[in-house]
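Working notes, structure below.
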Ligand SMILES: Cc1ncc(COP(=O)(O)O)c(C=O)c1O
């Protein structure tokens, strides 16, 4: 993530000095200008800043009118927010295997589609883009909505297009682990006017006031409050300027290390859906034991199987179909029995067992990371 420092501090101070902290005040401008800048960068016609990535996913689903009786396809490897979001709008998540790219497998998407499937939520995990060409083609064929979870890939591109702006709607997170970091925050992206009007209405209690003149003929409906403050967007404006240079450094470093790692006889470099823009670097060992052994080599980080609630077997409330109130339970409203078992996505578990993250060492010089890569390659 880009460093957080003096410029963010100054920006936050400016917002406080303005004395106008709500995005809808007369002198408010940080939120509008951040949203315009993010729209210019990504190519999404509309951007709506919200309080979290989870909120962005829920608002996107609400905007698309996903609800009770609907099934939403999500990958078995993602942060638990992805399968939780459909539950929050009354729909149910259906788990889909990943493939070696660490992203949702288009072939398994086809297998998991039922007459009740309404949406696909591809997740671009650890900056690795999904196979969006295949996913958009499947969605078109079956009339499904695509909501990209780009929370872990803000600023990353796939074949020249920004992740989050390829599907019907996209979600970004700005939490402390992400490519843009203000502690907590998120954004909904869409180029569809109606989806935008609905997301904006949902994120502000369905109010449709406060400058929401363009209603695109949408009636008011009950929503929640996910509005951000001007302090958050003042800081986001600074972070936005840092994200592309950081990703470019990552891309160059990956391009330097991946060919060295690819010479190893002990593992393969994880395949990527758009090699030219790749910024993520992971390696795939032939067995779980081999991956565990690789973790001893300098520069090899965690094994993905150990990444807590990113692995479906650790989504305890989802597997147990447990909601905050027994009668607000979307699984009871589903049109068929949905079952989850710990071994239902065995291929995902096998891939996560064998995959380790490699440190790109952005704070170190090239020669040192070349040496680290050679050491990992063995
Ligand atoms: C893939 C993915 N989706 C959604 C989220 C939710 O984002 P937030 O923490 O901003 O609610 C995260 C955050 O960790 C994530 O990694």
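Every residue, every condition in (1) touching a strand residue (DSSP E or B) at 6+ places or on another chain (Cβ under 8 Å); (2) outside the structural domain of residue 86 (by TED's automatic domain parsing); (3) more than 15 Å from the ligand (Cβ to nearest atom), yes or no:
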site	(1), (2), (3)
100	yes, no, yes
103	yes, no, no
108	yes, no, yes
117	yes, no, yes
120	yes, no, no
129	yes, no, no
134	no, no, yes
137	no, no, yes
Test residue 155 against the stated conditions and say whether it is within 16 Å of the ligand (Cβ to nearest atom), assigned to a loop (DSSP other than H, G, I, E, B), at pLDDT 95 or above and more than 24 Å from residue 249 (Cβ to Cβ).
no
Quick check, is residue 94 assigned to a strand (DSSP E or B), surrounded by fewer than 23 Cβ atoms within 10 Å (Cβ to Cβ), in contact with a strand residue (DSSP E or B) (Cβ under 7 Å, 6 or more places away or on another chain) and in contact (Cβ under 8 Å) with a residue 24 or more places away in the chain?
yes
Being away from the ligand (no atom under 16 Å from the Cβ), modelled with pLDDT under 90 and either farther than 18 Å from residue 52 by Cβ or touching a helix residue (DSSP H, G or I) at 6+ places or on another chain (Cβ under 7 Å) (or both) narrows 248, 220, 230 down to just 220
Testing residue 302 on (1) outside any loop (DSSP other than H, G, I, E, B); (2) at pLDDT 95 or above, one condition comes back false. Which one is that?
(2)
Those residues that are under 16 Å from the mean Cα position of the chain (by Cα) and either farther than 17 Å from residue 347 by Cα or without any contact (Cβ under 8 Å) to a residue 60 or more places away in the chain (or both), I need them from the range 106-129; list them, please.
119, 120, 121, 122, 123, 124, 126, 127, 128, 129
On the basis of being surrounded by 24 or more Cβ atoms within 10 Å (Cβ to Cβ) and either within 16 Å of the ligand (Cβ to nearest atom) or modelled with pLDDT under 95 (or both), does residue 183 make the cut?
no
Show the residue pairs meeting these rules: Cβ distance below 7 Å; 6+ apart or different chains; first residue within the range 6-26 and over 19 Å from residue 50 (Cβ atoms); second residue assigned to a loop (DSSP other than H, G, I, E, B).
18/27; 20/27; 20/28
Quick check, is residue 143 without any contact (Cβ under 8 Å) to a residue 24 or more places away in the chain, surrounded by fewer than 24 Cβ atoms within 10 Å (Cβ to Cβ), farther than 26 Å from residue 343 by Cα and within 16 Å of the ligand (Cβ to nearest atom)?
no
Within the range 38-72, residues assigned to a helix (DSSP H, G or I), away from the ligand (no atom under 16 Å from the Cβ) and touching a strand residue (DSSP E or B) at 6+ places or on another chain (Cβ under 9 Å) come out as 39, 41, 42, 63
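The values are calculated or read from the model by the stated rules, or taken from the named source; none is laboratory data. Here the structure is a predicted model, which means the values were calculated and not measured. Ideal geometry is used to build each Cβ from the backbone, glycine not excepted, and the neighbour counts take in all protein chains shown.
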